[in-house]
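What follows is a set of notes on a single structure, which appears directly below.
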Amino acid sequence: MTTLAVMVHTQISLPPIGFGTVHLDGAAGVEAITSAIHTGYRLIDTAYNYENEGAVGLAVRTSGVPREELMVTSKLPGRYQEFDLARTHIEESLYRLGLDHLDLLLIHWPNPRKGLYVEAWKALIDARERGLVRNIGVSNFLPEHIDRLRAETGELPAVNQVELHPHFPQVDLVEWHREHGIATEAWSPLGSGRGLLSEPLLGEIGKKYGVGPGEIVLAWHHARGIVPIPRSTNPQRQRSNLEAVTITLDDADVAAITGLGRPDGRIKNQDPAIYEEF
Ligand SMILES: NC(=O)c1ccc[n+]([C@@H]2O[C@H](COP(=O)([O-])OP(=O)(O)OC[C@H]3O[C@@H](n4cnc5c(N)ncnc54)[C@H](OP(=O)(O)O)[C@@H]3O)[C@@H](O)[C@H]2O)c1
């Protein structure tokens, strides 16, 4: 496993790439996740709302890879942000996974209009104190939300998992995370199969390095010190994606790919300041 190209001083040590599991459920999901673990992925990303913690837990428990070598992440949904509900449903996540602890637990969305994300954060701190969770973080949080967590609890998240790909490169947020020692994870790092990989620039740069556009995008994340969590059901793509973080892109190529970004580049216009997910 390689280390991050750009060293980030964070509270947590993460593998350079993880495996996304949304839509991977049932027997086919268990097969895809098991294949990913056997290919070498050590960071597995799920969420209560993906309704596949059962499949993820089964793959983790039967993979043959020692539990301590795997980092299992889940996420607390918006409908359970009240302290007592959060407490109960963190326990429920573990029952569904069939595991005695999570390596990383995130608040899935801030849902700022509901105004409960600080209460949820206190429940994550409590879960860590109870030994149910090793590390805690957030997802889809803006700096103003993280500032509030710190002001009211004195504690910063180890990770912020956000939408991030060449159409939405989040340059300012990544820099803000770096200044605050927060690791950045990228969700939908390949643009979630919605046309990003057809960008001619990615094909041209790919020819130079002898790889496809998907690998170029993952190498771009790595060059920026970001941990992408791509999903693939295809064993060949699982392998080539994992190996992509060993590719070192020229600075000019990194800058050119970042240049594909646009203010409205989000896949589904989910702005965490107003978007709500429960
Ligand atoms: N925190 C949040 O709010 C949030 C939101 C969305 C997603 N996520 C997490 O982020 C993970 C990744 O995002 P995502 O699943 O939306 O999409 P993604 O990883 O950006 O893209 C997955 C799609 O790309 C294809 N693909 C994978 N590798 C490829 C390659 N090298 N070349 C061409 N196509 C390739 C896959 O097809 P094949 O299966 O056929 O390879 C699949 O259709 C999720 O699974 C989930 O764990 C978190």
> If amide H atoms are built 1.01 Å from N in the plane of the peptide, which residues on other chains or at least 5 residues away come under 5 Å of the amide H of Phe19?
Replying inline: Leu43, Ile44, Asp45
>> Taking R0 as 45 Å, what FRET efficiency do you get between Glu129 and Lys207 from their Cβ-Cβ distance, rounded to the nearest 0.05?
In response: 0.30
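Express the relative contact order of the stretch 197-271 as a whole percentage, based on alpha carbon pairs under 8 Å and six or more residues apart in sequence. Let's see the in-between values first.
Details: 47 pairs, mean separation 21.1, N = 75.
Normalised by residue count, the contact order of the stretch 197-271 is 28 percent.
So how many Lys-Lys pairs in the chain land under 28 Å Cα to Cα, not counting same-chain pairs under 8 apart? Provide the component values of the computation, followed by the final result.
On the way: Lys75/Lys114; Lys75/Lys122; Lys75/Lys268; Lys114/Lys122; Lys114/Lys268.
For the chain, the number of qualifying lysine pairs is 5.
Between Ala27 and Arg194, what length comes free when the chain is fully extended (0.36 nm per residue of separation minus the Cα-Cα distance, one decimal in nm)?
Working: separation 167, 0.36 × 167 = 60.12 nm, distance 2.56 nm.
Full extension from Ala27 to Arg194 adds 57.6 nm.
Express in % the proportion of alpha carbon pairs of the stretch 127-278 at distances exceeding 19 Å.
Details: 6402 of 11476 pairs.
Every Cα pair in the stretch 127-278 considered, those over 19 Å come to 56 percent.
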> Build a GNM of the chain with springs between Cα atoms under 10 Å: which of Leu99, Leu218, Leu43 gets the top mean-square fluctuation?
Replying inline: Leu99
>> Is there a quick way to get the dipole size of the stretch 132-278? I mean about its Cα centre, with the Cβ of Lys and Arg at +1 and of Asp and Glu at -1; what is the value in debye to the nearest 20?
In response: 560 debye
>> Looking at the chain as a GNM with Cα springs under 10 Å, which of Ile267, Ile216, Ile136 has the largest mean-square fluctuation?
In response: Ile267
>> What number results when the radius of gyration of the stretch 1-92, computed over Cα atoms, is divided by 2.2 N^0.38 Å?
In response: 1.18
> What is the distance in Å between the Cα centres of the stretch 119-174 and the stretch 236-258?
Replying inline: 26 Å
> How would you order 177-185, 269-277, 142-150 from highest to lowest mean count of nearby Cβ atoms within 10 Å?
Replying inline: 177-185, 142-150, 269-277
>> Restricted to Cα positions, what overall size does the chain have along the principal axes? Three whole-Å values, descending.
In response: 54, 41, 31
> Rounded to the nearest 500 deg cm²/dmol, what is the calculated helix-only ellipticity per residue at 222 nm for the chain, with -39500 (n - 2.57) per DSSP H run of length n ≥ 4?
Replying inline: -12000 deg cm²/dmol
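For Glu119 and Thr258 in the same chain, what is the full-extension length gain: residue separation times 0.36 nm, less their Cα-Cα distance, in nm?
Numbers: separation 139, 0.36 × 139 = 50.04 nm, distance 3.59 nm.
Fully extending the segment from Glu119 to Thr258 adds 46.5 nm.
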> Farthest toward the dipole's positive end in the stretch 52-114, which of Pro77, Thr88, Val56, given Cβ charges of +1 (Lys, Arg) and -1 (Asp, Glu) about the Cα centre?
Replying inline: Pro77
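Give me Leu104, Leu156 sorted ascending by neighbouring Cβ count inside 10 Å, so fewest comes first. Walk me through the numbers before you get to the answer.
On the way: Leu104 25, Leu156 19.
Fewest-to-most ranking of Leu104, Leu156: Leu156, Leu104.
What is the gain in length, in nm to one decimal, between Glu51 and Val171 on full extension, counting 0.36 nm per residue of separation less the C-alpha to C-alpha distance? Write down the numbers at each step before the final one.
Details: separation 120, 0.36 × 120 = 43.20 nm, distance 3.18 nm.
Contour length minus the Cα-Cα distance gives 40.0 nm.
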> Which residue, Gly214, Gly191, Gly131, has the most motion in a Gaussian network model of the chain that connects Cα atoms within less than 10 Å?
Replying inline: Gly131
> Relative contact order (percent) for the chain, with alpha-carbon contacts under 8 angstrom and 6 or more residues of separation?
Replying inline: 21 percent
> Once you charge only the Cβ atoms, +1 for Lys and Arg and -1 for Asp and Glu, what is the size of the charge dipole of the chain about its Cα centre, to the nearest 20 debye?
Replying inline: 360 debye
>> As a footprinting exposure proxy, order Ser232, Ser188, Ser74 by other Cβ within 10 Å, with the fewest listed first.
In response: Ser232, Ser188, Ser74
> Tally Lys and Arg at +1 and Asp and Glu at -1 over the other residues with C-beta under 15 Å from the C-beta of His38: what net charge comes out?
Replying inline: +1
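Throughout, read-outs are computed from the coordinates displayed, never taken from laboratory work. Since the model is a prediction, treat every value here as computed from it, not as a measurement. Positions of Cβ are generated from backbone atoms using ideal geometry, with glycine treated the same way; all protein chains shown enter the neighbour counts.
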